[in-house]
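No value in this document is a laboratory result; all are computed from the given coordinates. Worth saying up front: this structure is predicted, and the values here are computed from it rather than measured. Positions of Cβ are backbone-derived with ideal geometry, glycine not excepted, and every protein chain shown enters the neighbour counts.
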Amino acid sequence: MGFLDNRKALITGVASNRSIAWGIAEAMHREGAEVALTYQNEKLKRRVEQCSEACGGGPVLPLDVADDAQIDAVFKSLADTWSHLDIVVHAVGFAPRDELEGSFVENTTRAGFGMAHDISAYSFIALARGARPLMQGRNGSLLTLTYLGGERALPNYNVMGAAKASLESSVRYMASDLGAEGIRVNAVSAGPIRTLAASGIGDFRRMLDFNAAAAPMRRNVSIEEVGNTSAFLCSDLASGITGEIVHVDGGFHSVALAGTAMDGEG
Ligand code: NAD
Ligand code: 0WE
């Protein structure tokens, strides 16, 4: 008996066994869901197939979210094999590498801004539109992944911060639009985790250490913890929650001046 027994979940964003989407897939599978995974390109296909085997061997489908035809094809394929859908997880984000450092004002281009918003925010709306017909008459749930950089300006996150702000606003508009159909829409705002998307980010180690030192929990979070909260939010246990951004970050977002000389005095 799991809290997602008999649920059918489409999960995007698995690139490796470190992906946040992988933590979500494992948690949902453990709680009884059938899981379909998507892969961005042929290079990732094998790895995603292996991940799929480890969580029940459900459908594995190609999906580059920049391509409308591939989005259509995913939902056509799921309509054929499953006939309905309960859960969609959007765990996709991208901006050009050279716009994730230095001066936001100097380094943000029209093309980079457009791409970051297209891949990281618009695609969640497009997935919702595709899933909507398959969720009729069920308690559907849509979930995306965001980061504190969408609410606060922090070093180097730059154009991704603007895209995450757009994504978080879209969560609220989507929840408002789809609520009457019983479809809930939420986001998990995860603390920093070393994944492929975080590799190559300068000083990521220092960021992890700073976060751990300042967070009330005095540590960083794992993909298992993000997975468990995500599974909960997509289950009937969270039937009253929509339009919400839930922080899974050891409490980091809730404090200021923590871990500085001001901390622990007085
Ligand atoms: P990851 O590299 O494992 O996953 C990112 C995924 O995005 C990959 O699977 C990649 O294939 C996919 N992707 C990129 N462009 C795509 C496209 N055009 N079409 C389809 N897929 C595409 O890294 P992750 O950290 O697990 O990232 C997942 C989500 O979590 C992202 O939205 C990210 O912003 C968010 N997030 C990450 C952290 C962190 O510190 N790692 C913190 C908070 C939020
Ligand atoms: O959302 C993210 C990562 C997003 C991301 C990462 C890359 C690296 C490779 C988007 N696009 C790209 N493009 C690439 O070419 N995170 C929350 C992880 C992350 O990224 C940062 C962070 C954190 C945390 C970038 C700068 C500062 C902090």
Mean separation of Cα contacts under 8 Å (6+ apart) over length of the chain, as relative contact order %: 20
Per DSSP helix of 4 or more residues, -39500 (n - 2.57); summed, then divided by the residues of the chain. What does that give at 222 nm, rounded to the nearest 500? -11500 deg cm²/dmol
What number comes out for the charge environment of Gly150, summing +1 per Lys or Arg and -1 per Asp or Glu over other residues with Cβ under 11 Å away? 0
Given charges at beta-carbon only (K, R positive; D, E negative), |dipole| of the stretch 174-234 in Debye: 320
First select every other residue whose beta carbon is under 14 angstrom from the beta carbon of Leu233; then total the charges, Lys and Arg +1, Asp and Glu -1. -3
Overall Cα dimensions of the chain, principal axis frame, Å, largest first: 59, 42, 37
Ordered by packing density, taken as the mean number of other Cβ atoms within 10 Å over each peptide's residues, highest first, how do 73-85, 182-194 rank? 182-194, 73-85
How far is helix 158-178 tilted off the main Cα axis of the chain, in degrees rounded to 10, range 0 to 90? 40
Residues whose modelled amide H sits under 5 Å from the amide H of Thr146, counting only those 5 or more places away in sequence or on another chain, are Val188, Ser189, Ala190
So, counting K/R as plus one and D/E as minus one, what does the shell of residues with Cβ under 14 Å around Leu134 add up to? +1
For helix 223-233, report the angle its Cα long axis makes with the longest principal axis of the Cα atoms of the chain; keep it between 0 and 90° and round to the nearest 10°. 50
Take the alpha carbon atoms of the stretch 95-163, find their radius of gyration, then divide it by 2.2 N^0.38 Å using N residues; give the quotient. 1.37
